[in-house]
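What follows is a set of notes on a single structure, which appears directly below.
Just so it is clear, none of the values below were taken in a lab; they were calculated from the coordinates. Since this is a predicted model, take the numbers as computed values, not measurements. Cβ coordinates were reconstructed from backbone atoms using ideal geometry, including for glycine residues, and neighbour counts include every protein chain displayed.
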Amino acid sequence: MNIRALLSEKVAAAMAAAGIPAEFGPNLALSKNPKFGDYQANGAMAAAKAMKSNPRQIADSIIQHLDLTGLADNVEIAGPGFINIYLSSAWLASISEQISADEHLTVQAAEPAQTIVIDYSAPNLAKEMHVGHLRSTIIGDAMARLSEFLGHRVIRQNHIGDWGTQFGMLIAELEETLSETSQSFQLKDLESFYQQAKKHFDDDPAFADKAREYVVRLQSGDQAVYALWQQFIQLSLAHSEELYERLNVSLSRDDVRGESYYNDQLASTVADLEAKGLVIEDQGAKVAFLEEFADKEGKPGAYIVQKQGGGFLYSTTDLAAMQFRIQDLKADRILIFTDARQGLHFKQLFTLSRKAGYVPEAVELVHCAFGMMMGADGKPFKTRSGGTVKLADLVDEAVERSEKLVAEKNPELDAEQQLEVARKVAIGAVKYADLSKTRTNDYIFSWDAMLSFEGNTAPYLQYAYTRIQSIFRKAGESDAYLSAAVVLEHEQERALALKLAQFEEVLLQVYREAMPHSLCAYLYDLAGLTMSFYENCAILKDGVDPAVRDSRLRLSYGVANTLRCGLDLLGIEVMERM
Ligand code: ARG
């Protein structure tokens with residue numbers, strides 16, 4: 001159910017009937033205070049200003065034509081011309097009933113569905129995944145799940161860093177290691193393997209020569225070196241995949257389309273840009289000079305697409321990827337999740353891609369930038385000794401901390417249940433801490449804050465869910481309440497039902513803005529309203545009218561499903577008890 005869209009449509013129709021030009025929209029907003037209704041239509045002021053008439057009179061003429069029969073109990077004008085809309089409780093009750101009876105929670109499939117390419121995670125395979133890749137992986141995955149739930153065609157693209165000169169050194173090292181050990185060698189610790197190869201490269205000139213030779217042979221398609229490279233990529237990718245699995249991230253092998261995939265397109269892309277006059281030679285390099293990015297002196301921004309000496313760059317690969325995503329994947333919308341430091345790269349990439357005609361006007365390109373993860377000291381998050389934090393270690397620590405917490409809070413659970421709950425709480429906490437912050441800001445990583453059972457955290461939401469489940473267990477076997485009428489008498493019931501009915505509009509907002517923290521804020525509000533509903537509205541106490549009891553159970557059922565679904569879209573699991 002999309003209340004906002006429905007009301008907007010009705011108000012727009014009333015505005016048209018009142019003779020207001022269509023360029024003035026209804027400008028619908030949520031009321032901040034229940035005194036001013038549930039929603040407000042604020043379009044009368046702008047229309048009146050342009051039409052040089054009195055905004056209250058315009059508002060009045062809109063109301064004269066506004067038909068909200070069955071949807072609203074009362075509509076009134078306030079202040080300079082706000083139209084306050086008080087939704088009908090009976091209507092909200094019927095929406096709660098529908099939500100409780102629908103697996104898809106009444107969320108409509110997008111019409112038309114878009115093909116959306118989501119580029120996220122994208123670790124560099126030379127090194128082990130570290131916390132820097134956490135944000136991209138988690139936020140991108142939430143967007144992929146949510147877009148799919150809304151009925152869009154989602155194409156995940158894991159644009160892994162699998163090409164470049166470091167791989168010469170790594171495969172030379174791999175070759176030596178393989179000849180010394182058995183063929184069943186596993187890259188247990190990618191980070192120390194990298195260090196070892198680097199040291200070898202720095203200390204042993206013969207090895208360094210071999211590494212450089214391997215780069216050349218790799219680039220010219222030498223079979224043996226290529227096979228070695230492939231083996232290294234598989235070994236490294238297995239590391240990332242283990243983490244995806246632990247983090248409940250929905251990326252699979254099929255989503256991997258690394259930088260190497262575009263090798264064959266790089267030369268022709270540069271040639272094409274040159275032919276179009278968008279790239280020229282400058283000191284041996286091939287450069288696009290973009291006046292859109294001119295500095296104060298008017299000197300255009302330089303976007304290098306080929307190095308002096310012929311080597312291609314990150315930019316060239318991305319230009320090829322753009323064409324692939326439009327021509328082959330048929331994207332209507334492309335979202336790319338990396339940290340904010342790549343902002344200029346993507347601005348220039350998008351500008352050049354459009355100028356070259358690679359990306360039609362109608363296709364939306366968004367660099368979904370995020371801030372950095374900071375330690376308690378306000379500096380980039382590091383290990384105690386100042387190194388980068390490996391993602392695997394971070395996940396281990398989260399699970400350890402959460403095991404202790406769960407054992408303390410609920411010693412009655414058996415050992416197996418405790419482990420299961422601890423795992424879900426740990427992963428949920430790490431992900432939610434990230435997702436609940438405004439994406440574009442830096443945020444401070446804090447174990448205590450993220451594992452707290454109070455406040456806007458995963459454990460709090462998971463707990464709210466288990467609390468509802470325990471009520472269902474106490475209510476007994478029968479689920480006859482699922483066909484009961486929902487009646488909203490109490491203020492807390494109504495507030496909860498209204499929130500519940502707004503799920504779809506929040507999802508649409510997150511889809512539009514690629515800002516999952518809005519969904520977190522919504523779920524947090526929903527859980528908070530549920531808690532105050534339970535404090536104020538008895539369900540299973542003696543003396544509660546069976547019809548009231550069943551109405552409240554049915555409402556709770558819709559809330560539980562919405563909490564579970566919302567968390568699932570964020571990649572977070574719930575449990576029956578904790
Ligand atoms: N591998 C890159 C990194 O680790 C991120 C790639 C993002 N996607 C892209 N199309 N450039 O920073």
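Numbers at a glance
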| item | result |
| --- | --- |
| Dimensionless Rg over Rh [region 351-477; C-alpha; Kirkwood] | 1.15 |
| Chain lengthening between ASP448 and GLN509 when straightened (0.36 nm per residue, less Cα-Cα) | 18.9 nm |
| Cα-based Rg / Dmax (Å) for region 1-124 | 18.0, 62 |
| Residues SER8, SER268, sorted so that the one with the fewest Cβ neighbours within 10 Å comes first | SER268, SER8 |
| Overall dimensions of region 405-509 as given by Cα atoms, namely Rg and Dmax in Å | 17.4, 49 |
| Exposed-site-free run, longest, the chain (rule: GluC sites (Glu not before Pro); DSSP loop; at most 14 other C-beta within 10 Å) | 104-296 |
| Square roots of 5 times each gyration tensor eigenvalue, C-alpha, region 260-314, largest first, Å | 22, 11, 11 |
| Computed Kirkwood radius, in angstrom, where 1/r is averaged over Cα pairs of the chain | 27.2 Å |
| Partner lysines for LYS198 [C-alpha distance under 28 Å; skip if fewer than 8 residues away on the same chain] | LYS127, LYS188, LYS210, LYS307, LYS379, LYS382, LYS390 |
| Within the chain, percent of DSSP bridges classed antiparallel, to nearest 5 | 55 percent |
| Estimated [θ] at 222 nm from DSSP helical runs (n ≥ 4, -39500 (n - 2.57)) normalised by residues in the chain, nearest 500 | -17000 deg cm²/dmol |
| q = 0.12, 0.18 Å⁻¹: log10 I(q)/I(0) that the Debye formula gives for region 234-347, counting C-alpha atoms only | -0.57, -1.08 |
| Rg ratio (alpha-carbon, reference 2.2 N^0.38 Å) - region 470-578 | 1.12 |
| Alpha-carbon centroids, region 45-120 and region 506-578: separation in whole Å | 23 Å |
| With 10 Å bins from 0: P(r) over region 209-250, alpha-carbon pairs, percent | 28, 33, 22, 16, 0 |
| Hull-based mean projected area of region 338-423, where the convex hull spans the alpha carbons, in square nanometres | 9.8 nm² |
